[in-house]
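What follows is a single structure, written as structure tokens, with notes after it.
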Amino acid sequence: MLHFSRAGTLFCLCIAGILYIIAESLRSNGHEIPLISDITAAAARKRDENKFVLGPVTLVCGIVAASILWGENAAAVGILALAFGDGLASLAGKTFGKIRVPYTHGKTVEGSLTCYAAIFCSTFFVTNDCFVALIVATVGAFIEVLPLKDFDNLLIPVLLGGIVNFVY
């Protein structure tokens, strides 16, 4: 969508982020919002129980920041790395994860390898450059394995988009 209307897409993302903050603030204070509260509760992690779920806010901020800071291809790499790399790492880690990485608060080797593969593939799809994909995937997998909680949603698109912006 950024390709077709950068300003419109950023506007919609900001509005969605603001609406989420309002709905989540109400939910965390005991006021259920139909559909939104159900989706948030289903997506919440154990650490988010009875708290404001910050993940969607950092997700929107990371996407918006990458879109403002970097050109279209660099922003696309960062956003796709966040969507596929971070998302699939979580899914693979929870589903198949057996080998825990020390000092990472439960991150798994299986999740990190899935993240690496997903970022490599999505970066190569955008850049068609194996070297750039290797660099971006390596840095992305390293960021993903750090115990940053929801703040990897900010770092992944901004830092990986920045790498592409300067290397590609």
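Here Ala81, Ala133 are screened, and the one residue that is in contact with a Pro (Cβ under 8 Å, 6 or more places away or on another chain), under 21 Å from His3 (Cβ atoms) and of a type in the set (A, V, I, L, M) is Ala81.
If you go through segment 156-165 one residue at a time, do you hit one that is at pLDDT 95 or above, farther than 29 Å from Phe52 by Cα and touching a Cys at 6+ places or on another chain (Cβ under 9 Å)? No, segment 156-165 contains no residue that is at pLDDT 95 or above, farther than 29 Å from Phe52 by Cα and touching a Cys at 6+ places or on another chain (Cβ under 9 Å).
Residues in segment 2-32 that are in contact (Cβ under 8 Å) with a residue 12 or more places away in the chain, outside any helix (DSSP H, G or I) and more than 14 Å from Ile68 (Cβ to Cβ): 1 in all.
Evaluated against (1) among the aromatic types (Phe, Trp, Tyr); (2) closer than 17 Å to Trp70 by Cα; (3) at pLDDT 95 or above, Tyr168 falls short on exactly one condition, (3).
Of everything listed in (1) open to solvent by less than 40 Å² (accessible area, probe 1.4 Å); (2) within 19 Å of the chain's Cα centre (by Cα), the single unmet condition for Gly8 is (2). Only one entry in Gly78, Gly62, Gly93 is without any contact (Cβ under 8 Å) to a residue 24 or more places away in the chain and part of a helix (DSSP H, G or I), namely Gly93. Of the set (1) surrounded by fewer than 18 Cβ atoms within 10 Å (Cβ to Cβ); (2) at pLDDT 90 or above; (3) closer than 30 Å to Val132 by Cα, all apply to Gly62 but (1).
The values are calculated or read from the model by the stated rules, or taken from the named source; none is laboratory data. These numbers were taken from a predicted model, which means no experiment stands behind them. Neighbour counts are summed over all protein chains in view; Cβ atoms, including those assigned to glycine, are modelled from backbone coordinates with ideal geometry. These area figures cover heavy atoms from the full protein model, side chains too; ligands, DNA and RNA do not enter into them. Shrake-Rupley method; radii C 1.70, N 1.55, O 1.52, S 1.80 Å.
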